[in-house]
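First comes the structure, then the notes that go with it.
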Amino acid sequence: MTYQIPKGLFDILPYGVDQEWKLIHYWHFVESVIHDIVKDYGYKELRTPIFERTELFHHGMGQTTDVVSKEMYTFFDRAQRSMSLRPEGTAALMRAFIEHKLNTLGEHHKFYYCGPMFRYERPQSGRYRQHHQFGVEAVGDPSPYLDAEVIDLLLQFYDRLGIVDLSIRINSLGTPYSRSRYAEALKKYLHSSFQQLSKESQERFSKNPLRILDSKDPHDQLLLKKAPSLLDYLEDSEKHHFDVLCRLLTELNISFTIDPLLVRGFDYYDSTVFEVISHQLGAQNAIGGGGRYNHLLESFHGPHLPGIGFATGLERVIQTMISQGISVKDQTSPWICFIALEEQAFHSCFFWAMQLRHKKISSEVIEAKKIQKGLQKANHLQARYAAILGEEEMRNNTIILKDLLQREQQALPMASFLKTLEKLWTEQ
Ligand code: AMP
């Protein structure tokens, strides 16, 4: 029996991939940019487990949301407790925040995470059953300056990767009070057209009317064109918060559009929400998004503290980079590749390579019957230098050093060979 990867999952390989975005060096590059940029904005990493008690997600994200009701990987552990693979990062991070009483250790807290998430969705390009998210969560600060900082961080992240041509949409969902007033107004507006709504929106009508705004059905979208706007229902303080945010974004030279139909997939959002679209991605074009969750912590019986965060999907990030022609070099190539043309030569090359590796100089040893074959392999590995050792060199106590970039070569005495290499390494 042969085994195959489950549907909707993918391997990330150093080579031999069917699609370029699955090459590991892209992932390493993106991850290094993540760990760098968060330092500039003062965010610290917090890692939570891959699975949690199912109730955490039910409660945190909302029972009626698509992810919770249809897409969770839920199982019973051996003690018959219901567990779920995490479908997103915020709920678990807030659980950890409360459990470790981090609120007692300061006023403002800024965290980030990066790792796999699991959703049982219909797989298609840009949509997988395991995907990876980089996200941040900032707790304790209600100021619109923080909203602007979080949005700026997300956009700077894309910018540092070289990604261009993104659109950002923002909206405000208001407070739970203004949101429920709006939900009533929306229901009133849609009441007479109920029969014309898509099946999904009809279901949402009573369970979670705001989610109708997110409908992809063209007929629903037409009906929504004249729907009341969330922004008209904001309380004064929320309206002020949103206006200040818009001003700050403009001052930061961030172009954005206000989209009164923008709602996000989880129930914990209130106040500011935002989403970033990549035009290269096709149907699954949301590359990142987030918003405020000012009441999530207290709903978990935690402290009454506001929060805001974003998450961006690394698959879609790398796919966007590749479709925009941004290539990343594989940095793991050996610096020097020893080509041993016979058995005794292999023994010497092996020990030279080991000595260099111990000095943190990346080295590889290959066996080849012919120089040309050996050089081909060294070039394939993208080595900077090749060191060739055959019968003749053994006899003369020399070794040939070939610069694979400049295409020059010289015979060096074996006795001082390693010293010469180390000098070359430090001088480069
Ligand atoms: P969400 O938690 O749904 O707001 O998703 C945050 C980001 O994760 C999205 O903007 C996407 O970039 C990415 N994402 C969400 N679901 C998937 C998925 N099934 N496959 C790949 N990426 C995803």
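The values are calculated or read from the model by the stated rules, or taken from the named source; none is laboratory data. This is a predicted model, so every value here is computed, not measured. Cβ coordinates were reconstructed from backbone atoms using ideal geometry, including for glycine residues, and neighbour counts include every protein chain displayed. SASA here: full protein model, heavy atoms, side chains in, ligands and nucleic acids out. Shrake-Rupley method; radii C 1.70, N 1.55, O 1.52, S 1.80 Å.
Say each of Met394 and Asp18 gets a label point 7 Å from the Cα, pointing the same way as Cα to Cβ; how far apart are those two points in nm?
4.6
Quick check: with the 1.4 Å probe, what order do Asp36, Asp214, Asp270, Asp236 take by accessible area, largest first?
Asp236, Asp36, Asp214, Asp270
Among Asn208, Asn396, Asn379, which one moves the most in a GNM of the chain with springs linking Cα atoms closer than 10 Å?
Asn396
How much length is gained if the chain between Phe194 and Gln376 is pulled fully straight, taking 0.36 nm per residue apart and subtracting their Cα-Cα distance, in nm to one decimal?
So the chain would gain 58.7 nm between Phe194 and Gln376.
Tell me what the chain gives for mean residue ellipticity at 222 nm when only DSSP H runs of n ≥ 4 count, each as -39,500 (n - 2.57), the sum divided by the residue total, rounded to 500 deg cm²/dmol.
Result for the chain: -11500 deg cm²/dmol, rounded to the nearest 500.
Please work out how much length the chain gains when fully extended from Ser167 to Ala415, using 0.36 nm per residue of separation minus the C-alpha to C-alpha distance, in nm with one decimal. Walk me through the intermediate numbers first.
On the way: separation 248, 0.36 × 248 = 89.28 nm, distance 6.15 nm.
Separation in residues times 0.36 nm, less the Cα-Cα distance, equals 83.1 nm.
Please compute the per residue accessible area over the chain with all protein chains in place, 1.4 Å probe, rounded to a whole number of Å².
Accessible surface, normalised per residue, equals 52 Å².
Does a label point 7 Å from the Cα of His108, set along Cα-to-beta-carbon, have any residues of the stretch 23-54 with amide nitrogen under 11 Å, and which are they?
Answer for this model: 42.
As a test question: what accessible area, to the nearest 10 Å², does Ser363 have when a 1.4 Å probe is rolled over all protein chains in place?
Counting only protein heavy atoms, the figure is 10 Å².
Which trypsin sites (Lys or Arg not before Pro) in the stretch 61-147 sit in a loop by DSSP (not H, G, I, E or B) and have at most 10 other Cβ atoms within 10 Å of their own Cβ?
Arg78, Lys101
Greater than 26 Å separation of Cα atoms is the criterion. Which listed pairs, Lys44/Lys101; Lys44/Lys216; Lys70/Lys239, meet it? Each step should come with its number before you reach the end.
On the way: Lys44/Lys101 16 Å; Lys44/Lys216 36 Å; Lys70/Lys239 34 Å.
The pairs that break the limit, which is 26 Å between Cα atoms, are Lys44/Lys216; Lys70/Lys239.
Any idea of Ile336's accessible area? Nearest 10 Å², probe 1.4 Å.
Taking all protein chains as shown, Ile336 has close to 0 Å².
At 7 Å along Cα-to-Cβ for each site, give me the label-to-label distance between Lys329 and Phe350 in nm.
3.2
At most 12 other C-beta atoms within 10 Å and a DSSP loop state: those are the exposed chymotrypsin sites (Phe, Trp or Tyr not before Pro) I care about. Give me the longest piece of the chain that has none.
16-428
Put Thr320, Thr175, Thr2, Thr74 in order of accessible area, largest first, 1.4 Å probe: what do you get?
Working: Thr320 0, Thr175 30, Thr2 120, Thr74 70 Å².
So the residues, ranked largest to smallest area, are Thr2, Thr74, Thr175, Thr320.
Kindly state, as a whole number, the per residue volume in cubic angstrom of the convex hull around the alpha carbon atoms of the stretch 184-313.
Hull volume normalised by residue count: 141 Å³.
Could you work out how far the C-alpha centroid of the stretch 61-98 sits from that of the stretch 307-383, in angstrom?
Comparing the Cα centres of the stretch 61-98 and the stretch 307-383, I get a distance of 40 Å.
Which of the trypsin sites (Lys or Arg not before Pro) across the stretch 221-288 are loop residues per DSSP, with 10 or fewer other Cβ within 10 Å? Provide the component values of the computation, followed by the final result.
On the way: sites: Lys225, Lys226, Lys239, Arg247, Arg264; in loops: Lys225, Lys226, Arg264.
For trypsin sites (Lys or Arg not before Pro) across the stretch 221-288 that sit outside H, G, I, E and B with at most 10 neighbouring Cβ atoms in 10 Å, the list reads Lys225, Lys226.
How compact and how long is the chain, expressed as Rg and Dmax of its alpha-carbon atoms in Å?
Rg, Dmax (Cα atoms, Å): 27.9, 95.
Can you pull the percent of the stretch 336-427's accessible area that's carbon plus sulfur, 1.4 Å probe, other chains left in place?
50
Tell me the trypsin sites (Lys or Arg not before Pro) within the stretch 276-336 that lie in a loop according to DSSP and have at most 16 other beta-carbon atoms within 10 Å.
Answer in residue order: Lys329.
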